[in-house]
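Notes follow once the structure below has been shown.
Readers should treat all values here as calculations from the given coordinates under stated rules, not as data from a laboratory. Keep in mind that what you see is a predicted model, and the values were worked out from it rather than measured. So basically every Cβ, Gly included, is an ideal-geometry build from the backbone, and we count neighbours across all protein chains shown.
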Amino acid sequence: GAGVSQSPSNKVTEKGKDVELRCDPISGHTALYWYRQRLGQGLEFLIYFQGNSAPDKSGLPSDRFSAERTGESVSTLTIQRTQQEDSAVYLCASSYVGGGNTGELFFGEGSRLTVL
Amino acid sequence: AQSVTQLDSHVSVSEGTPVLLRCNYSSSYSPSLFWYVQHPNKGLQLLLKYTSAATLVKGINGFEAEFKKSETSFHLTKPSAHMSDAAEYFCVVSFPRLTFGTGTRLQVTL
């Protein structure tokens, strides 16, 4: 596609429910990131996928959070047993990394999660 | 390990005066460095990037940044602020993955 696509754009859920957020990166982009941005705050790194390497999960805040990526395509971020503090905008970004080049990040519009 | 520090969480300038947003980094390797901007209720947009070519990098909307290896800095500047520059600015360092600073909120007053 032309850009990074995220769905859903908005999600309201009840505390304790599981949610799944989807990211469709730009075709050919080898790197994919998930970030979280709480209201009025900066970007919090969650997880990084690069090609077929083991993902960097160092930013996941708890074992309720997990993410998968199939090859260099779609990624899903799953939050189990959601809590109110999980309310945030979840941003996905992709870039092309290759030949020593660390390219520009292209961001999706984000998925706004509200946990009641 | 790499890290990036934005020295000011909030900067306020008058319209027409210069802007300076400070960023220092640490990296074991020669990094690529970026500045991103996020306007209220908008997505993140790349302002400029440094990738070991010219040390003075020009970006969009009149912004520029200078890479100073001796000072491990990559400060963002603009000669004359405009009201439309009010936004959140993020300094980013890469290698092997992109790491964001905590952001600087730029306020522009009349």
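For B:GLY103, the residues whose amide H sits under 5 Å from its own are B:GLN6, B:CYS91, ignoring neighbours fewer than 5 places away on the same chain, with H placed 1.01 Å from N.
The trypsin sites (Lys or Arg not before Pro) of the stretch B:1-109 meeting both criteria, a DSSP state outside H, G, I, E and B (loop) and at most 13 other C-beta atoms within 10 angstrom of the site's C-beta, are B:LYS42, B:LYS69. Computed from label points 7 Å out along Cα-Cβ, the spacing between A:GLU68 and B:LYS68 is 5.0 nm. Beta bridges assigned by DSSP with both partners in the stretch A:5-115 are antiparallel in approximately 90 percent of cases. What FRET efficiency comes out for B:GLN107 versus B:GLN2 if R0 is 35 angstrom and r is the Cβ-Cβ distance? Round to the nearest 0.05. With R0 = 35 Å, the Cβ-Cβ based efficiency is 0.75. Around the amide H of B:LEU47, modelled in the peptide plane, lie the amide H atoms of B:TRP35, B:TYR36, B:VAL37, all under 5 Å away and 5 or more residues distant in sequence or on another chain. Karplus-derived 3J(HN,Hα) values for the stretch A:73-88, using 6.51 cos²θ - 1.76 cosθ + 1.60 with θ = phi - 60°, are 10, 4, 10, 10, 10, 10, 10, 9, 6, 4, 10, 4, 6, 7, 4, 4 Hz; glycine and proline are entered as x. Charged side chains reduced to their Cβ positions (Lys and Arg at +1, Asp and Glu at -1) give the stretch A:5-115 a dipole of some 260 debye around its Cα centre.
Among the listed pairs A:LYS11/B:LYS78; A:LYS11/B:LYS58; A:LYS11/B:LYS49; B:LYS42/B:LYS78; A:LYS57/B:LYS68; A:LYS57/B:LYS49, which are separated by more than 29 Å between their Cα atoms? Distance filter (> 29 Å) returns A:LYS11/B:LYS78; A:LYS11/B:LYS58; A:LYS11/B:LYS49; A:LYS57/B:LYS68.
Under the 0.36 nm per residue contour assumption, what length would be gained going from the current alpha-carbon distance of B:MET83 and B:ALA54 to full extension? The B:MET83-B:ALA54 span can extend by a further 7.5 nm. Counting only other chain Cβ atoms within 10 Å of each residue's Cβ, the peptide B:40-46 averages 4.
For the protein assembly as shown, give me the percentage of DSSP beta bridges that are antiparallel, rounded to the nearest 5 percent. Once the DSSP bridges in the protein assembly as shown are tallied, antiparallel ones form about 90 percent. Checking every one of the GluC sites (Glu not before Pro) in the stretch A:1-100 against DSSP loop status and a limit of 10 other Cβ atoms within 10 Å picks out A:GLU14.
What you get for the protein assembly as shown, charging only the Cβ of Lys and Arg (+1) and of Asp and Glu (-1), is a dipole of about 100 debye around the Cα centre. Scalar couplings 3J(HN,Hα) for the stretch B:101-110, obtained by applying the Karplus form with A = 6.51, B = -1.76, C = 1.60 to θ = phi - 60°, are x, 7, x, 10, 8, 9, 10, 10, 10, 6 Hz; x denotes Gly and Pro.
Our coupling estimate for the stretch A:51-62, obtained by passing each phi through the Karplus curve with A = 6.51, B = -1.76, C = 1.60 and θ = phi - 60°, is x, 9, 6, 4, x, 8, 9, 5, x, 5, x, 7 Hz, Gly and Pro reported as x.
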